[in-house]
Amino acid sequence: MTNPLFDLSGRTALVTGSSRGLGRAMAEGLAAAGARILVNGTDPGRVDTAVKEMRQAGYEAEAAPFDVTAEDAVARAFAGFDAAGIAVDILVNNAGIQFRKPMVELATADWQRVIDTNLTSAFVIGREAAKRMIARGHGKIVNIGSLTSALARATVAPYTVAKGGIKMLTQAMAAEWAEHGIQANAIGPGYMLTDMNQALIENPAFDAWVKGRTPAKRWGKPQELIGAAVFLAAPASDYVNGQIIYVDGGMLAVL
C-alpha cells in the first residue's frame with residue numbers, strides 16, 4: 001500500500017523534455033507513484049514512442065509534444081489541456097540543452113538559445129501552469145537546476161547562468177505563489193549518466209575528475225532523481241517551498 005504522503009493517484013504531471021534522459025526517468029517515477037504523465041518533447045515520434053512504452057509498463061501517459069521555447073506553442077498546449085479537461089497538478093520543468101564554448105568565442109545567438117530553453121521556458125510554462133493552479137488552490141512545480149545553480153564551470157557560461165537563474169526563479173515562484181497553495185522547489189542533479197553527458201563520460205580525464213571529485217566516487221543514474229521528484233510532487237512536501245535539493249553524490253558538500 002502506497003504511503004499517502006507519497007501517493008500521486010489522481011494527479012496529472014506535465015514533465016517537459018520527458019521523452020528521454022532525466023525527464024523520462026522522473027516521468028516514470030511519478031507514474032509509478034500514481035500520476036498520469038503528459039510526455040513532452042519537440043519530436044512527436046519520440047514522444048509517441050515514450051508514451052507507448054510507458055503504457056506497456058502499466059503507466060498512464062498521454063502525448064504532449066510542443067516546443068517549450070515557443071510562447072505561442074506553450075499557450076496553445078495549455079488551452080488544449082483546458083479544452084480536454086486536463087488539469088496540470090504537477091509541473092516538472094526539465095527541458096534543457098548544453099552548449100560548450102569559451103565566453104570570448106560565444107555567439108549571442110548560442111547564448112540566447114540556451115537561456116531560452118533552460119530558463120525562460122521554465123518561466124513561461126510555470127506562468128501558464130500557475131494561473132490554473134492558483135484558481136484551484138493547489139499545485140506543485142519542480143524546476144530542474146544543476147550543480148551550476150551553485151557553482152560555475154568554464155566553457156558553459158550560458159548553462160551556468162540559466163541554472164543559477166532556475167534557483168532564483170524557484171524562490172521567486174515560492175515568494176509569489178505559496179499563499180495560493182503552490183509549492184515551487186527545484187532539484188540540482190550532479191553529473192549524471194545521460195546522452196547529454198556522453199562525450200564527457202567517454203573522456204578518460206573528465207571521467208576520472210568526476211569520480212575523484214564526487215564523494216560517492218561515481219556518476220549518478222537518472223533513476224536516482226526519482227526520490228526527490230516524487231517527494232517534491234507529493235503531499236509530503238506541502239510545507240517545503242523555494243528550496244533546491246542537490247542529488248549529486250555529495251559533490252557540493254566537499255572542497
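Residue-by-condition table, conditions (1) under 19 Å from the mean Cα position of the chain (by Cα); (2) among the hydrophobic types (A, V, I, L, M, F, W, C); (3) surrounded by fewer than 21 Cβ atoms within 10 Å (Cβ to Cβ); (4) over 26 Å from S237 (Cα atoms):
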site	(1), (2), (3), (4)
G21	yes, no, yes, no
R24	yes, no, no, no
L38	yes, yes, no, no
G41	yes, no, no, yes
V51	yes, yes, no, yes
R55	no, no, yes, yes
A83	no, yes, yes, yes
V88	yes, yes, no, no
Starting from residues that are outside any helix (DSSP H, G or I) and not polar (S, T, N, Q), keep the ones in segment 147-177 and report whichever is farthest from Y239 (Cα to Cα). A154
Condition test on Q183, is it among the polar types (S, T, N, Q), in contact (Cβ under 8 Å) with a residue 40 or more places away in the chain and under 20 Å from I125 (Cβ atoms)? yes
Here the qualifying pairs (Cβ atoms under 7 Å; residues six or more apart or on different chains; first in segment 69-88 and free of Cβ contacts under 8 Å to residues at least 12 places away in the same chain; second part of a loop (DSSP other than H, G, I, E, B) and charged (D, E, K, R)) come out as A73/D67
Index of the failed condition, W111 passing every other in (1) open to solvent by 40 Å² or more (accessible area, probe 1.4 Å); (2) of a type outside the set (K, R); (3) within 30 Å of L255 (Cα to Cα); (4) touching a Leu at 6+ places or on another chain (Cβ under 8 Å): (4)
Which condition does A236 not pass, out of (1) in contact with a Phe, Trp or Tyr (Cβ under 7 Å, 6 or more places away or on another chain); (2) open to solvent by 20 Å² or more (accessible area, probe 1.4 Å); (3) within 29 Å of T108 (Cβ to Cβ); (4) not aromatic (F, W, Y), if it passes all the others? (3)
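The values are calculated or read from the model by the stated rules, or taken from the named source; none is laboratory data. Predicted model only: the values in this text are computed from it and were never measured. For neighbour counting, all protein chains shown are included, and Cβ atoms are generated from backbone atoms with ideal geometry for every residue, glycine included. Protein only, heavy atoms only, side chains kept; ligands, DNA and RNA dropped before computing areas. Shrake-Rupley method; radii C 1.70, N 1.55, O 1.52, S 1.80 Å.
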